[in-house]
Structure formats: structure tokens, C-alpha cells
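Read the structure below first, then the notes.
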Amino acid sequence: MQNNTLNICASILTIAALFVSTNAQAQYTFKSLVDLEHTSVKDQCRTGTCWSYSTSSFFESEAARITGNVVDISEMATVRYTYPLKAETYLRYHGKHQFSPGSLCHDVTNAAEGWGLCPQEAYTGLKGGATKHDHGAMDEELQKAVEAILKNRENGVLDPSWKDEIASILDSHIGSLPIKFEYNGKSFTPESFRDFLGIVPSNYINLSSFTHHPFGEEFILEVPDNFSQGMFFNLPIDDLQRAVEAAVVNGYSVAWDADVSEKGFSFKYGMAILPAEGEEDKMWKEVVKEEKVTQASRQVGFDNQTTTDDHLMHIVGLATDQTGEKYFVIKNSWGTNNKYGGKQYISMAYFRAKTISVLVHKDAVSRMLK
């Protein structure tokens, strides 16, 4: 009898929890203003390669916009090209540099320039019958390898065969890069496939917004994953927000690097909001008032490191909620298991406060660069 009572109580609580969850999500309703062409949502699984997933997705949308070619670009081909470069940087800095799976959008652009692109079917990065990516063992082996290479220098001389050792580890886990491949009955190299898609790497620019560097100039963004010392054009946050919104309205998607460690960033609820002081407890229960984000408040977050470089995503649309407030629609790389099939609605307050940088076609923001 006691078990039955407990079961009934548990059922009631479950129903109540479901009601609260549904009710909480129902507080926000969205109307699409712009829905740009994009490929399906992917899952980076157990890897630190959001930078490749987001920017590959961005280039997929760019290819569709420029040439009409809709293709699933291999994220892992870019990873395979980039990891040896990360190892080289680590060794050149005598180990006084980050060596991790993380990178930024421009590292995919650099890969497209230095090697090219290929379709998913030509390079999956999966071996041994695996169906999901898990880079834990590979990342650990690579870390141990670069540390050992430095430690075992003979008479202070670095053995040039380290490149073969890193390549061997990568090949054993995710495979060697293809030189040629077939796609839709035609033969391509990575370079010719990039050109087939209409991707010209020099046509893209990184934008950011921080006051510790002059506006209207480029600077090297000081985040650990910027291993390749990429340059970012600095704009006031008002201009950056207008530039991204205008790009989306005019048919250009945008790759987005942001802090996702905030409580207001919820994959479960498919949103990212920045509740004002005193509104936090209302979050996911009702529509909340959001912070008024200024250039100064945004800079404080970056300076005190409460705003961190966490995750890269792909802006593919624009929407409004029931109050008329605008949101960017992003495609994440954490699978499809949320209310919006893997997408999220990012409030303008959250975007203004927590954006690290964006990557966009220069034509979409040309007026801002003058």
C-alpha cells in the first residue's frame, strides 16, 4: 500500500513537473523574421571542436548563398589539418602556450586557405566502426606526446621527427586527410572543392568589440583559444549589433563566438537571456526584464573574466518574441534534443554582453569597415 501511495505521489509530481516545464517554455513565443538557408543540426559529441562545427556550418550556408551548392562539409578534416599547427605553436613556445582542442572561427578559414575543404562523405574522422566522435583518448595522447617531445630534447635540440609522431597519432584516431575524392560523380582536390563552393577565405573578417583596443583598428584577441594569433576588427558594440542584424536581414549568416557559462544560456529551453538584477528567480517561469548592456558593462565582464570564450555557434536567423523584442536564432552543435531541434533564441541583451567575436563576409559589413 505504501509503495502504491509513493507511486501515485511520484506520478503526480512528474505530471506537475511536466506542467511547470511546459508552462515555463510557453512563456516565450517566437515569430520568425529571417530564416537563412542552413544545413541540419549536428552533434560534436565528446569533442572540443565547436569552432569547426560552427564555422563549417557557416561555410555551408555561404556556399548555398554564393553558388547554390548545398553540401555537408567535413568538420573533422579541418580538425585534422589544424591540430599539427597547434602542436607546432606549442613547441615553438617551449610549452608555454595552450595546447587544447579549442580554436576559433578563423582557424577554419585558415584551413580552407591552406588546405581546402571536403565533403563529409570524403572524410568522416570516424574509425573502427565508430558512429560518434569521442576525442578524449586522442587529446590525452597528443598532450602527452608534445610534453614528451619537449622533455626528450637531446642536448637541447628538438627532433624534427616530432611532426611524424603527431601525424601518426592523428591518423590512428581520425585518419589521414584525402588528397583527391569523388563528389557527385566528379573528381576534386580539397582546393578545387573549396573553389567549387565559392569560398574565398580572404573575403571573411573577424569582428569584436572591446575598449582596451582602439575602435576602427585590428587587434589580436586575448583569449586562450586564439593560438594562431588571429586579428579582429574592433567596433563599438552598438555598431557590432547593427552589423550582425543587417547582415542577417540581407541574407548573410554569421559565425558567433560567445560565453555560454551564464545561467541564462539554456540549451534545454532553447534560449539565452540576461535577466536584470532581481529577475533571476523568475527565469524560465515567466518573461523577465533584461539588463541594459552598455559598452562599459560589457568591458567589465571581459576584464574580470566573467565573460569567457566558451563556445562557437552559427547565427542563421532573426525573430521576435511576443513583446516585440528581437532575438538572433542560432544553430548549435549539441544535437537536436531541445524544443527547437537544436536551435536557440539569443536575446539582444545576451548578445551585447556575452559576444566574444563574430565571423562574417566582408560585403555584409562593408559600410562598418570604412
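The values are calculated or read from the model by the stated rules, or taken from the named source; none is laboratory data. This structure is a prediction, so every number in the text was calculated from the model and none was measured. Glycine also receives a Cβ, built like all others from the backbone with ideal geometry; neighbour counts cover every protein chain displayed.
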In the stretch 216-237, the residues that are free of Cβ contacts under 8 Å to residues at least 24 places away in the same chain and more than 19 Å from the chain's Cα centre (by Cα): Gly216, Glu217, Glu218, Phe219
Please verify whether the stretch 148-158 includes one or more residues that are surrounded by fewer than 16 Cβ atoms within 10 Å (Cβ to Cβ), among the β-branched types (Val, Ile, Thr) and not in a loop (DSSP other than H, G, I, E, B). yes
Could you please give the count of residues in the stretch 257-275 that are free of Cβ contacts under 8 Å to residues at least 60 places away in the same chain and farther than 22 Å from Ile356 by Cβ? 0
Under the condition of being exposed (fewer than 13 other Cβ atoms within 10 Å of the Cβ), out of contact with any helix residue (DSSP H, G or I) (no Cβ under 7 Å at 6 or more places or on another chain) and among the charged types (D, E, K, R), which residue from the stretch 278-288 is nearest to Asp225 (Cα to Cα)? Glu280
Of Tyr327, Tyr340, which residue is aromatic (Phe, Trp, Tyr) and under 24 Å from Ser208 (Cβ atoms)? Tyr327
Yes/no for Trp284 being at pLDDT below 95 and not charged (D, E, K, R): yes
Count of residues meeting criterion [touching a helix residue (DSSP H, G or I) at 6+ places or on another chain (Cβ under 6 Å) and not polar (S, T, N, Q)] in the stretch 302-322: 5
How many residues of the stretch 72-86 are within 16 Å of the chain's Cα centre (by Cα) and either among the β-branched types (Val, Ile, Thr) or surrounded by fewer than 23 Cβ atoms within 10 Å (Cβ to Cβ) (or both)? The answer is 4
Out of all the residues in the stretch 173-208, which are assigned to a helix (DSSP H, G or I) and among the aromatic types (Phe, Trp, Tyr)? Phe193, Phe196
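Tell me which strands (runs of 3 or more DSSP E) are completely within the stretch 222-341 and hold 3 or more residues being under 23 Å from Gly48 (Cβ atoms) and touching a Ser or Thr at 6+ places or on another chain (Cβ under 9 Å), or say none if there are none.
Details: elements: 231-234, 254-258, 311-321, 326-331.
Strands (runs of 3 or more DSSP E) meeting the threshold: 254-258, 311-321.
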Being touching a helix residue (DSSP H, G or I) at 6+ places or on another chain (Cβ under 6 Å) and at pLDDT 95 or above is the requirement here; does Asn203 meet it? yes
Looking for something farther than 24 Å from Thr55 by Cβ and at pLDDT below 95 - is there at least one such residue anywhere in the stretch 162-174? no
When the residues of the stretch 198-209 are narrowed to those that are aliphatic (A, V, I, L, M) and out of contact with any strand residue (DSSP E or B) (no Cβ under 8 Å at 6 or more places or on another chain), which ends up surrounded by the most Cβ atoms within 10 Å (Cβ to Cβ)? Ile199
Going through the stretch 221-265 in order, the residues found to be under 25 Å from His38 (Cα atoms) and among the β-branched types (Val, Ile, Thr) are Val244, Val248, Val249, Val254, Val260
Hits in the stretch 177-208 (condition: of a type in the set (S, T, N, Q) and in contact (Cβ under 8 Å) with a residue 12 or more places away in the chain): Thr189, Ser192, Ser202, Asn203, Asn206, Ser208
Scanning the stretch 296-309 residue by residue, those out of contact with any strand residue (DSSP E or B) (no Cβ under 7 Å at 6 or more places or on another chain) and surrounded by 15 or more Cβ atoms within 10 Å (Cβ to Cβ) turn out to be Arg298, Gln299, Gly301, Phe302, Thr307, Thr308
